[in-house]
Amino acid sequence: MSSKPRVFVTRKLPAAVEARLLRDYRPMLNPNDKQYGAEELVAGSDGCDGLLPCPTDKLTGEVVARLPASIRVIATFSVGHEHIDLAACRHRGIVVGNTPDVLTDATADIAVLLMLGAARGASDGERLIRANDWGAWGPTLMLGTHMTGKRLGIYGMGRIGQAIAKRARAFDMTIHYHNRARLSAECEQGAIFHARAEDMLPHCDFLSINAPSSPQTNGFLNAARIALLPDGAIVVNTARGPLVDDEALIAALKSGKLAAAGLDVYTGEPNINPGYRGIKNAFLLPHLGSATVETRNAMGFKALDNLDAFFAGRALPSRIA
């Protein structure tokens, strides 16, 4: 019998990642990319030594408690871990690792795309082309917001926030930020720190949301904080959907308080608030933040690095539980 560990892989992964899995493990792959429910996650783990899940897999406390005793490690194909009950894993003695540091540039690129797309009405413009509704050019038609030289507020100045700030400087934007702790002068690079997010918001022609989801951050962008933004501000979110109060944002877009919004993440995705779909000044993407070949390969390789380390008796490079 092969001594290679058996790993349950819950989703279809990039070819290069699956090739390495087939080389080094006995993987149970998901060639049809079926999304598994709780019963299938538990049943599929039977006889396996490790689990390689994705954010779509809800490893609740109940599911973790029912995993077979053979499961000793979970290497999630994600940076976020809201889908895993870490306390339940610790109780079971299951080691958990994630894939940080490989999504930064791809997500920051999407944030800039959202800023530009929202500011310049890209989604409505594309709709006109596809519907063959594009009429004659006019000097007051399809007017957007100039991004160059404006003020950008960043809520959450971690790796991704700093990468967005780096890109925004190419547009001569003035950077304001709120973070749990002030960055060093070297990392700030002239960005203006606000200890209270509410003090930053009046200075945001553009607001980029980049904080992790937590009880402290969920619901951050509510009606009261939207009111603190300048009239005509633009909001983008590449972090997590629950940080935004959907109804408050939709109302602000409809009223004209906000000029536009660019969103890549949503509460309850893919079942997003239907109110977004009919709003022309909402530029909407389907969670593309890490969706490049290079990034998804890097995520997979980092997950496998965690598995390799565990089965070799070493510390995981990116252990979270």
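Within the range 45-63, does at least one residue satisfy the condition of being open to solvent by 20 Å² or more (accessible area, probe 1.4 Å), free of Cβ contacts under 8 Å to residues at least 12 places away in the same chain and not charged (D, E, K, R)?
No, the range 45-63 contains no residue that is open to solvent by 20 Å² or more (accessible area, probe 1.4 Å), free of Cβ contacts under 8 Å to residues at least 12 places away in the same chain and not charged (D, E, K, R).
Of the residues Lys150, Lys166, only one is over 27 Å from Gly80 (Cα atoms) and of a type in the set (Lys, Arg); which?
Numbers: Lys166 fails: over 27 Å from Gly80 (Cα atoms).
Lys150 is the lone residue from the list that is over 27 Å from Gly80 (Cα atoms) and of a type in the set (Lys, Arg).
Could you please find all residues in the range 255-301 being assigned to a helix (DSSP H, G or I), open to solvent by less than 60 Å² (accessible area, probe 1.4 Å) and either in contact with a helix residue (DSSP H, G or I) (Cβ under 7 Å, 6 or more places away or on another chain) or of a type in the set (S, T, N, Q) (or both)? Walk me through it before giving the result.
Of all residues in the range 255-301, those assigned to a helix (DSSP H, G or I) come to 255, 274-276, 293-301.
Filter once more, so that each one left must be open to solvent by less than 60 Å² (accessible area, probe 1.4 Å): 275-276, 295, 297-300.
Passing the criteria: Gly275, Tyr276, Thr295, Asn297, Gly300.
Leu143: modelled with pLDDT of 95 or more, under 30 Å from Met200 (Cα atoms), open to solvent by 100 Å² or more (accessible area, probe 1.4 Å) and among the hydrophobic types (A, V, I, L, M, F, W, C), yes or no?
yes
Considering only the range 160-175, state which residues are surrounded by fewer than 16 Cβ atoms within 10 Å (Cβ to Cβ) and in contact with a helix residue (DSSP H, G or I) (Cβ under 8 Å, 6 or more places away or on another chain).
Looking only at the range 160-175, we keep the residues that are surrounded by fewer than 16 Cβ atoms within 10 Å (Cβ to Cβ), and these are 166, 169-170, 172.
Result: Lys166, single match.
What pairs can you find where one residue is in the range 207-228 and modelled with pLDDT under 95, the other is surrounded by fewer than 19 Cβ atoms within 10 Å (Cβ to Cβ) and of a type in the set (Asp, Glu), and their Cβ atoms are less than 6 Å apart, with a gap of 6+ or different chains?
Short answer, once both residue conditions are applied: Ser213/Glu82.
Within the group Ala252, Ala233, Ala224, Ala309, which residue is more than 21 Å from the chain's Cα centre (by Cα) and surrounded by fewer than 16 Cβ atoms within 10 Å (Cβ to Cβ)?
Numbers: Ala252 fails: surrounded by fewer than 16 Cβ atoms within 10 Å (Cβ to Cβ); Ala233 fails: surrounded by fewer than 16 Cβ atoms within 10 Å (Cβ to Cβ); Ala309 fails: surrounded by fewer than 16 Cβ atoms within 10 Å (Cβ to Cβ).
Going through Ala252, Ala233, Ala224, Ala309 in turn, the sole match is Ala224.
Report the residue count in the range 105-140 for those that are within 30 Å of Leu59 (Cβ to Cβ) and open to solvent by less than 40 Å² (accessible area, probe 1.4 Å).
6
Please find, within the range 64-83, the residue that is most open to solvent (accessible area, probe 1.4 Å) out of those that are at pLDDT 95 or above and more than 13 Å from Leu41 (Cβ to Cβ).
Of everything passing the filter in the range 64-83, Arg72 is most open to solvent (accessible area, probe 1.4 Å).
Might you let me know whether the range 93-104 holds any residue that is open to solvent by 50 Å² or more (accessible area, probe 1.4 Å), at pLDDT 95 or above and not small (Gly, Ala, Ser)? Full working, then the answer.
Kept after step one, since they are open to solvent by 50 Å² or more (accessible area, probe 1.4 Å), are these residues of the range 93-104: 93, 101.
Next, from what is left, pick out any that are at pLDDT 95 or above: 93.
With not small (Gly, Ala, Ser) added as a condition, the list becomes none.
The answer is no, given that none of the residues of the range 93-104 is open to solvent by 50 Å² or more (accessible area, probe 1.4 Å), at pLDDT 95 or above and not small (Gly, Ala, Ser).
The values are calculated or read from the model by the stated rules, or taken from the named source; none is laboratory data. Remember, predicted model here, so these are calculated numbers, not experimental data. Cβ: placed from backbone, ideal geometry, glycine included. Neighbour counts: every protein chain shown. These accessible areas exclude ligands, DNA and RNA; they are computed on the full protein's heavy atoms, side chains included. Shrake-Rupley method; radii C 1.70, N 1.55, O 1.52, S 1.80 Å.
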